[in-house]
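To keep things clear, I will list the structure first and then write my remarks on it.
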Amino acid sequence: MATTSYHVGDLQAQIDEIEALSSIYGDEWCVIDEASRIFCIKISDDTEVPKWTICLQIILPDDYRSEAPPIYQLNATWLRGPERTELSNSLEEIYVQNTGESILYIWVERIREFLLEKSKSNDSAESPERRKWTEEVDEDNSRSGTAESDFSDPHTLRLSMEPAHLLTELPGDEELPPVKHGEAITDRRSTFQPHLAPVVTPTQVKRVLDKLYENKKIASATHNIYAYRIYCEDRQTFLQDCEDDGETAAGGRLLHLLQILDVRNVMVVVSRWYGGILLGPDRFKHINNCARNILVQENYTDLPEDTSKAGGKTKAKNQEGKMKSTTTKNTRNIIFCCGMVL
């Protein structure tokens, strides 16, 4: 009964806190799912002409504030490596120093302060998005200022919120999964290399990324695109998310591949080193081929490796009889995945 009474008090405190934040931040504050207490806020360094923007996504557990911290996720294509670690550590320190108190306002203002500091120190530098992207941006998907992918569509936000950062999971809580490296594909001086790790928690995802970024070559890649799927037995649902890392739409395509193959409890990262020559749509083909090959290599799927290399009319004839059943299976998987998102 004591626990229940604590939760009732927590829920009322959460309602009061959310009402205050909504009043303070207006349109910047967004309610994604009030019943599940899922929210997000767009935070910028400047209200008129923002150069640096972060989307803070939040889930409030039943026992926040008395026992548990908020679950959070920082979304910004440019935020990576030491900068992400620095900001995450500062948010966690705020929680530790204010345990049992309302901390969302302090978090938002700390992130804004972080952005202002970065803006001042980079006034002479070029735009973060322009520096990060290659010029390979689809004509119908040109972008400016802040990446739209940083601010998820409300229909998919709940999905990406699930595997958010858990403050209660410290780096030493779980073992680092073994990380496998696949064979690289090179085309017109651009090189793509896949990496794979079995993961069962969001903390392991973070640890795998941290481990990969310890490798100077991987850390220097133009893009490190990743996607993962974790199956939750108790809820019979998937925790899944993806990251473009500046390669527009690549993360979503990679996650879609994992969904179609119906793989679970796995994370795939594809590093791309841009060689200066535009590849157009071929870059997405290479990213997915890399991912598929390493999934086959590590026995997550039984598809033949790099089917794009397999050609010839004989193979096409042999596959013709299987086309109907394969199409039906893939269609069923696609419908199931779309059903999850919607």
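Of note:
- Verdict on Gln193 being part of a helix (DSSP H, G or I) and open to solvent by 10 Å² or more (accessible area, probe 1.4 Å): no
- Pairs where the first residue, in the stretch 17-45, is of a type in the set (Lys, Arg) and the second is open to solvent by 20 Å² or more (accessible area, probe 1.4 Å), C-beta under 6 Å, 6+ apart: Lys42/Glu28
- Qualifying residue in the stretch 228-248 (condition: touching a Cys at 6+ places or on another chain (Cβ under 9 Å), at pLDDT 90 or above, open to solvent by 20 Å² or more (accessible area, probe 1.4 Å) and not in a helix (DSSP H, G or I)): no
- Test: residue in the stretch 83-105 that is part of a helix (DSSP H, G or I), in contact (Cβ under 8 Å) with a residue 60 or more places away in the chain and acidic (Asp, Glu): yes
- Note on the stretch 48-69: residues that are open to solvent by 20 Å² or more (accessible area, probe 1.4 Å) and out of contact with any Pro (no Cβ under 9 Å at 6 or more places or on another chain) total 7.
- For the stretch 282-298, the criterion of a residue being crowded, with 20+ Cβ neighbours inside 10 Å and at positive phi is satisfied by no position.
- Test: Tyr72 is surrounded by 13 or more Cβ atoms within 10 Å (Cβ to Cβ) and in a helix (DSSP H, G or I): no
- Candidates Ser152, Ser160 - the one that is assigned to a helix (DSSP H, G or I) and either open to solvent by less than 30 Å² (accessible area, probe 1.4 Å) or at pLDDT below 90 (or both): Ser160
- Residues of the stretch 88-117 that are open to solvent by less than 40 Å² (accessible area, probe 1.4 Å) and under 18 Å from Asp16 (Cβ atoms): Gly100, Ile103, Leu104, Trp107, Val108.
- When the test is whether a residue is within 17 Å of the chain's Cα centre (by Cα) and surrounded by 16 or more Cβ atoms within 10 Å (Cβ to Cβ), Arg80 passes it.
The values are calculated or read from the model by the stated rules, or taken from the named source; none is laboratory data. The model shown is predicted, which means the values in this text are computed figures rather than measured ones. Quick reminder, even Gly has a Cβ in these numbers, built from the backbone with ideal geometry, and neighbours come from all protein chains shown. All accessible areas refer to the heavy atoms of the entire protein, side chains included, with ligands and DNA or RNA removed. Shrake-Rupley method; radii C 1.70, N 1.55, O 1.52, S 1.80 Å.
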